[in-house]
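This report concerns only the one structure given below.
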Amino acid sequence: MFETTIAGSLPKPAWLAEPETLWAPWQHEGEALERAKKDAALVWLKEQEDAGIDIVTEGEQFRIHFVHGFLEHVGGIDWDLKTPMGIRDNRYVVDVPTVTSALSRTRPVHGAEAAFTRAHTSRKLKFTLPGPMTICDTIADAHYGRRADMAMAFADLLNQEARELEAAGVDVIQFDEPAFNVFMDDVNEWGVAALERAVEGLTCDTAVHICYGYGIEANISWKGTLGGEWRQYEGIFPALNASSIGQVSLECRGSHVPMSLIGLLPDKDVLVGAIDVATDQIETPEQVAETLKEASQYVDPARIRPCTNCGMAPLSRDVAAAKLRALGAGAVLARKSL
């Protein structure tokens, strides 16, 4: 009960990329960069294990961007043709690469990273991939014409990748879909279907992570417009509960999400975000335990997985490590009290 995990990303050490900076460029090149990435992954594996995290990740130490880290090895994308695009329904505008022809996966993307990580921990291993809808909200389309069609094409490539990750010994494959909290109608029309295509044929645990975004200024400002109750999950959880996805990861701690909404997921394992990544304040184990106990009013405790709200990449290394320890200790307290 209360098997702990994290949403995915962890801060890059200063010797790998500029600290406390989201999507900072690498500090090295070539073989030195590959060694630095592996060293960073090993550091965070140790930190997670010491904190009592049950299902660990490599902290996304091998990629700068959670979406583009996968797209770098996808054919059909013109990286020189930049298109201004309003990300997450115009929350912020970025010049993004453009899909100009049929998509293809030119080679395995994360297999070697997963195999390296698997070889260095005996704990359950999670690996994260971008979800099809979120990819489509992060890259411009000049080929498919319909976002849904491009999402299905990406889903096929993600499925190829996920099958290889499973073969490398990954226990949980999680697809990150922050766009699910923005385009709720599309989620129900084609977003869940694309996600199911991405997990087709997998026998490992599967998860979808749906947060309100990193703790960066654009996301914090947007959250300030959502009012006293954040009910976006209400519009998508029924479809997810009916889907083949095994786990749903959501944001709870420090948010205005009514905890009762997780009652819409009676058939899923629920990754309850008990760590707020939008603040440097360290949660106490008691606060984590209280979040988990509240969640237990609406979901069978056996189905609850304590987690972080979102990735911790923009935080300092010390803060992130302390939050990991609070998560692990809070789960221990919650187990004793329930």
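The values are calculated or read from the model by the stated rules, or taken from the named source; none is laboratory data. A quick note: this is a predicted structure, and the numbers were derived from the prediction, not measured. Positions of Cβ are generated from backbone atoms using ideal geometry, with glycine treated the same way; all protein chains shown enter the neighbour counts.
Could you tell me whether P108 is surrounded by fewer than 19 Cβ atoms within 10 Å (Cβ to Cβ) and either at pLDDT below 95 or not small (G, A, S) (or both)?
Yes.
Of everything in the range 297-325, what is crowded, with 21+ Cβ neighbours inside 10 Å and free of Cβ contacts under 8 Å to residues at least 60 places away in the same chain? Give them in sequence order.
Of everything in the range 297-325, just one residue is crowded, with 21+ Cβ neighbours inside 10 Å and free of Cβ contacts under 8 Å to residues at least 60 places away in the same chain, namely K323.
Quickly run through the range 240-290 and pick out the residues that are buried (at least 23 other Cβ atoms within 10 Å of the Cβ), polar (S, T, N, Q) and farther than 25 Å from I173 by Cβ.
none
I need every pair where a residue in the range 108-133 that is under 15 Å from D39 (Cα atoms) has its Cβ under 7 Å from the Cβ of a residue that is among the basic types (K, R), sequence separation at least 6 or different chains.
What qualifies is F116/K38.
Identify, by number, the condition in (1) on the phi > 0 side of the Ramachandran plot; (2) in contact with a Ser or Thr (Cβ under 9 Å, 6 or more places away or on another chain) that R91 doesn't meet.
Exception for R91: condition (1).
Within the range 137-154, count every residue that is part of a helix (DSSP H, G or I) and under 20 Å from the mean Cα position of the chain (by Cα).
The total comes to 3.
Only residues that are surrounded by fewer than 18 Cβ atoms within 10 Å (Cβ to Cβ), in contact (Cβ under 8 Å) with a residue 60 or more places away in the chain and among the aromatic types (F, W, Y): list them for the range 68-103, please.
Y92
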